[in-house]
Amino acid sequence: SGSGSVARHKPSNMTRRRMLQNHLRSMTEIRSVMNSMKTQAYMETRKLVRFTEAQRAVVESMENVAAELLSFYPEILPDVADSTTVFLVIGSERGFCGDFNRTLLQHLESAVDALQLPATTVIAVGTKLHQLLDDLPLPLIRLDGPSVVEETTAILNQVVEQLLAVQSDQGAVSLYGLYHAGENGVVAQRLLPPFQHLQHQPQRFPHPPMLNLTPSEFLVELTDQYLFAALNQMLYASLTEENHQRVAHLDEAVRHLDAESEDLRRQSNALRQEEITEEIEIILLNAPVEQGPDAD
């Protein structure tokens, strides 16, 4: 035109269909990756169930021993006064698990408000959890989290190192573990001082247990073993629930992709039908018209 403007034409059906097919190929590739991630999470969950059940049995066995000991020697439980409160919050190292980490943050804020305890330190396990804690007005120790069960031992050792550092700096510690525990939801479990939930135990046996150590020394030794076992159980339970939620989250995402891909296929087929119709119309318009015998 005289104004020099360029006319904008609507993309042809063929062009639109090619764009749809490219989009569909991309979505198919994404679906393949997400489905692989879902399968991996499901397999990890199956493996973790065995570890979690075995570790739970170990913890329960130790608690039974402690209950028997404390039923005869309740005075050996350590005092909980004047201790620094530490929350060990076990989040996720990876994403695609819904509101897993945000739920932990909500429970942490509620627990801190409910306990109204000063000098609270947070040990946060899991990179994805760290991103939510930047505005938390508390001393924060960040640790990487496990992605698979084989990494839990290394993470456990780092947690213990940090606990020892806090104890060395601030003295006695009251430790709470905050983690996802499957059907029980998010649990706040007290680990240190140990066995506070076993106070006032009835005596089930007529005689106290036979010990090679004093009751207090035995409790100290049992506490060390119990802390490792309980921390392991928490890590296993958290990782199990994380993978459960990842499977559910990715499964929903895959179903959404499948529905969207099916819609793209329908659009592509409709455009192809329009292309065929247009091609037929062009053929008919260009076909020669036969003259009848009476034509001039």
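The values are calculated or read from the model by the stated rules, or taken from the named source; none is laboratory data. Because the structure is a prediction, the values reported are computed rather than measured. Neighbour counts are summed over all protein chains in view; Cβ atoms, including those assigned to glycine, are modelled from backbone coordinates with ideal geometry. For the accessible areas, the whole protein counts, side chains as well, though only heavy atoms, and no ligand, DNA or RNA atoms are used. Shrake-Rupley method; radii C 1.70, N 1.55, O 1.52, S 1.80 Å.
Compute the long axis of helix 13-72 from its Cα atoms, compare it with the longest principal axis of the Cα atoms of the chain, and write down the angle in degrees, 0 to 90, nearest 10. Helix 13-72 and the main axis of the chain meet at about 10 degrees.
Against the chain, whose longest principal axis is taken from its Cα atoms, helix 100-115 shows a tilt of about 40°. Computed over protein heavy atoms with a 1.4 Å probe, the accessible surface of the stretch 130-170 works out to 57 Å² per residue. Placing pseudo-labels 7 Å out from each Cα toward the beta carbon at residue 165 and residue 213 gives an inter-label distance of 2.7 nm. With q set to 0.11, 0.20 Å⁻¹, the log10 of I(q)/I(0) for the stretch 94-221, from the Debye formula over equal scatterers at the Cα positions, is -0.52, -1.34. Rg then Dmax, both in Å and based on the Cα atoms of the stretch 166-296: 37.4, 129.
Taking all C-alpha pairs of the stretch 106-175, those more than 16 Å from each other amount to 54 percent.
Of the solvent-accessible surface of the chain, computed with a 1.4 Å probe and all protein chains present, 53% belongs to carbon and sulfur. Protection proxy ranking of 222-233, 154-165, by the mean of other Cβ atoms within 10 Å over each peptide's residues and highest first, is 222-233, 154-165.
Using Cα-only point scatterers and the Debye equation, what is log10 of I(q)/I(0) for the stretch 12-87 at each q in 0.15, 0.16, 0.17 Å⁻¹, rounded to two decimals? Once normalised to I(0) and log-transformed, intensities are -0.83, -0.86, -0.89. Principal axis extents of the Cα atoms in the chain, from largest to smallest and rounded to whole angstrom, are 128, 48, 29. Along the axis of the charge dipole computed for the chain (Cβ charges of +1 for Lys and Arg, -1 for Asp and Glu, origin at the Cα centre), the listed residues 137, 32, 184 are led at the positive end by 32.
So what is the relative contact order for the chain, in percent, with contacts set as C-alpha pairs under 8 Å and at least six apart?
Computed value for the chain: 31 percent relative contact order.
Given R₀ = 30 Å, FRET efficiency for residue 22-residue 131 by Cβ-Cβ distance, to 0.05? E(calc), rounded to 0.05, equals 0.35.
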